[in-house]
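What follows is a single structure, written as structure tokens, with notes after it.
The values are calculated or read from the model by the stated rules, or taken from the named source; none is laboratory data. Small disclaimer: the values here were computed from a predicted structure and weren't measured. Reconstructed Cβ throughout: ideal geometry from the backbone, glycine too, with neighbour counts over all protein chains shown.
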Amino acid sequence: MRIHLYHGPNLDQLPRRDPAHYPRLAPDELAAQLASIAADLGLQLTVASTNNEATLLTWLQNADPNQVDGLVCNPGGWAHSSYVLADAYALCQLPVVEVHLSDPSARGRPMLTATAADALYAGNGLDSYRDALAWHTRHPVI
């Protein structure tokens, strides 16, 4: 099963973010840990990161069911404000699972984009990613 994982803004800045909410992982360390998690689950994983909302939107719109079986998306701060990304989730021809290392709702932040996702995993660090990836193994596209 082929999964694309898209990271939004500031995921490239984890080492500089509040350690009470985020692990101190450099982008290459995060990618390596995610690759290991995916391999353990028998998934082929492609990871892409952007700090540009239009780029993330384009990736979601262009996700081809002939090339990928599912999506995992961490939209970062756009989760709280982007109707555009929520619409892209809804229009996507693939299942979309939203993931967050921290739990934004626990800090009083709305989870707008998650309302259009097929599932949401948040607040458990890398285990949130493991759960999001594992969701796809339980809900394969046929």
* Taking only region 93-113 into account, find how many residues are within 24 Å of Pro19 (Cα to Cα) and assigned to a strand (DSSP E or B). => 3
* Structure fact -> The one condition Trp78 fails out of (1) closer than 19 Å to Pro140 by Cα; (2) modelled with pLDDT under 95; (3) not basic (Lys, Arg) is (1)
* All but one of (1) outside any helix (DSSP H, G or I); (2) over 18 Å from Ala119 (Cα atoms); (3) over 12 Å from the mean Cα position of the chain (by Cα) hold for Pro9; which doesn't? -> (3)
* In this structure, is Pro110 closer than 13 Å to Gly76 by Cα and loosely packed, with under 15 Cβ neighbours inside 10 Å? -> yes
* Asked: Restricting the search to region 101-119, which residues are modelled with pLDDT under 90, under 26 Å from Ile37 (Cα atoms) and over 13 Å from the mean Cα position of the chain (by Cα)?
  -> Asp103, Pro104, Ser105, Ala106, Met111
* **Single unsatisfied condition, Ala122 versus (1) over 11 Å from the mean Cα position of the chain (by Cα); (2) at negative phi** => (1)
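So, in region 114-127, exactly how many residues are without any contact (Cβ under 8 Å) to a residue 40 or more places away in the chain, of a type outside the set (Phe, Trp, Tyr), within 27 Å of Ala26 (Cα to Cα) and not in a loop (DSSP other than H, G, I, E, B)?
5
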* List pairs: first in region 6-27 and over 15 Å from Asn74 (Cα atoms) and without any contact (Cβ under 8 Å) to a residue 12 or more places away in the chain, second aliphatic (A, V, I, L, M) and assigned to a loop (DSSP other than H, G, I, E, B), Cβ under 6 Å, 6+ apart or cross-chain? -> Pro15/Ala26
* Structure fact -> If we ask which residues in region 81-107 are surrounded by fewer than 19 Cβ atoms within 10 Å (Cβ to Cβ), over 20 Å from Asp127 (Cβ atoms) and of a type outside the set (A, V, I, L, M), their number turns out to be 4
* When the residues of region 38-53 are filtered to those that are part of a helix (DSSP H, G or I) and in contact with a helix residue (DSSP H, G or I) (Cβ under 9 Å, 6 or more places away or on another chain), which remaining residue is nearest to Thr113 (Cα to Cα)? -> Glu53
* Among (1) over 21 Å from Asn124 (Cβ atoms); (2) in a helix (DSSP H, G or I) - the single one Ala35 does not satisfy -> (1)
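Among Glu98, Glu29, which is the only one that is of a type in the set (D, E, K, R) and within 12 Å of the chain's Cα centre (by Cα)?
Within the list Glu98, Glu29, the selection yields Glu98.
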